[in-house]
Amino acid sequence: MKKYLAEMVGTMVLVLMGCGVAVSLGCDPVNNIPAVVGTALAFGLAVVAMAYTIGGISGCHINPAITLGCFLTKRISAKDCAMYMIFQVIGAFIGSALLFLLVGNSSLEGTGANDLQEGVTMWGGLIAEIVFTCVFVLVVLGATAKTNGATNNFAGLAIGLSLVLVHLVCIRYTGTSVNPARSIAPAVFQGGTALTNLWIFIVGPFVGAILAAIIWKIVEPKEAE
């Protein structure tokens, strides 16, 4: 149970800090580029912080897409896969609820929900989420692989920095999800088109995770005999 609770706490921190910075800075990929950089750093730093906090307990997935990738590469059981996802979503709702409470007692608006950005079509958003989730989950699988040399010693840093990079590219298209739990809870609290388009931020990351698992299985180095 400890690893499930760790996933809940880690996802709560990710959503509260990442989405919280997006709201606090007024993240706008067209009119407020410094806020985009700040938001990208916030999500990446939250992952690094949690990786070195709960990584030894649960592996610090804090993302259903990563959990799916780990399941498909036979790193966790079906039971753990399901329980991780459930507790990740619970954690995301706690983080969003706290942010919603803070926003409701200030002059700020929103909960940092993902949505299609100006000029981006449904297909454009879906492709972006598939591609960038694939890249992100592939980094996770490679950085944490026991067959990939000593890279797992620096996995938390590599994963956090890759999430920063993904956000810098993808925020202009979808606000960057690459994480269904991070998208579900803020959309429920924010409503509107964020909730209407929520399926994109569930389907896209899961498809991206499946592609990443396939790619990793192809390129994964064999253990030394």
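Bear in mind these aren't lab numbers, they're just calculated from the coordinates by the rules spelled out. Here the structure is a predicted model, which is why all the values come from computation and not from measurement. In this analysis, Cβ positions are derived from the backbone assuming ideal geometry, glycine residues included, and neighbour counts consider all displayed protein chains.
Helix 200-219 and the long axis of the chain differ in direction by around 20°, with both axes built from C-alpha atoms.
Ranking of Ser177, Ser106, Ser96, Ser162 by neighbouring Cβ atoms within 10 Å, starting from the fewest: Ser106, Ser162, Ser96, Ser177. For the chain, the longest principal axis of the C-alpha atoms and the axis of helix 2-25 are separated by about 40°. For Lys2, a cut-off of 16 angstrom between C-alpha atoms picks up these lysines, skipping any fewer than 8 places away in its own chain: Lys79. Charge tally for Ser177 (other residues, Cβ to Cβ under 11 Å; Lys, Arg +1; Asp, Glu -1): -1. Karplus-based coupling profile of segment 136-144, in residue order and whole Hz: 5, 5, 4, 4, 4, 5, x, 5, 9, with θ = phi - 60° in 6.51 cos²θ - 1.76 cosθ + 1.60 and x standing for Gly or Pro. Over all other residues within a Cβ to Cβ distance under 13 Å of His167, the charged ones net out to +1, with Lys and Arg as +1 and Asp and Glu as -1. Once backbone amide H atoms are built at 1.01 Å from N, Asp28 has Ala35, Val36 as its partners under 5 Å, excluding neighbours fewer than 5 places away on the same chain. Structure remark: mean-square fluctuation, Gaussian network model of the chain, C-alpha springs under 10 Å; the largest value among Phe154, Phe136, Phe189 belongs to Phe154. For segment 4-30 versus segment 34-111, the spacing of their alpha-carbon centroids is 8 Å. In the chain, the sites counted are trypsin sites (Lys or Arg not before Pro) in DSSP loop states with at most 12 other Cβ atoms within 10 Å, and the longest stretch holding none of them, exclusive of the sites, is 147-221. Here the 3J(HN,Hα) profile of segment 38-48, calculated from phi with Karplus coefficients 6.51, -1.76 and 1.60 at θ = phi - 60°, is x, 5, 4, 5, 4, 5, x, 5, 4, 5, 4 Hz, Gly and Pro shown as x. Against the chain, whose longest principal axis is taken from its Cα atoms, helix 78-104 shows a tilt of about 20°.
Given 0.36 nm per residue, what is the gain on full extension from Trp123 to Leu165 after removing their alpha carbon distance, in nm?
Numbers: separation 42, 0.36 × 42 = 15.12 nm, distance 2.18 nm.
My answer for the length gained is 12.9 nm.
By other beta-carbon atoms within 10 Å, ranking Trp216, Trp199, Trp123 with the fewest at the front produces Trp123, Trp199, Trp216.
Its Cα centre serving as origin, the chain has a Cβ charge dipole (Lys and Arg +1, Asp and Glu -1) of approximately 540 debye. log₁₀ I(q)/I(0) of the chain at q = 0.09, 0.17 Å⁻¹, via Debye over equal Cα point scatterers, no solvent, to two decimals? The calculated log intensity ratios at q = 0.09, 0.17 Å⁻¹ are -0.32, -1.17.
Computed from backbone phi with θ = phi - 60° and the Karplus coefficients 6.51, -1.76 and 1.60, the 3J(HN,Hα) list for segment 55-60 is x, x, 9, 10, x, 6 Hz; x is used for glycine and proline. Which of Ala213, Ala49, Ala181 ends up with the largest GNM mean-square fluctuation for the chain, with Cα atoms connected below 10 Å? Per the Cα network of the chain with a 10 Å cutoff, Ala49 tops the list.
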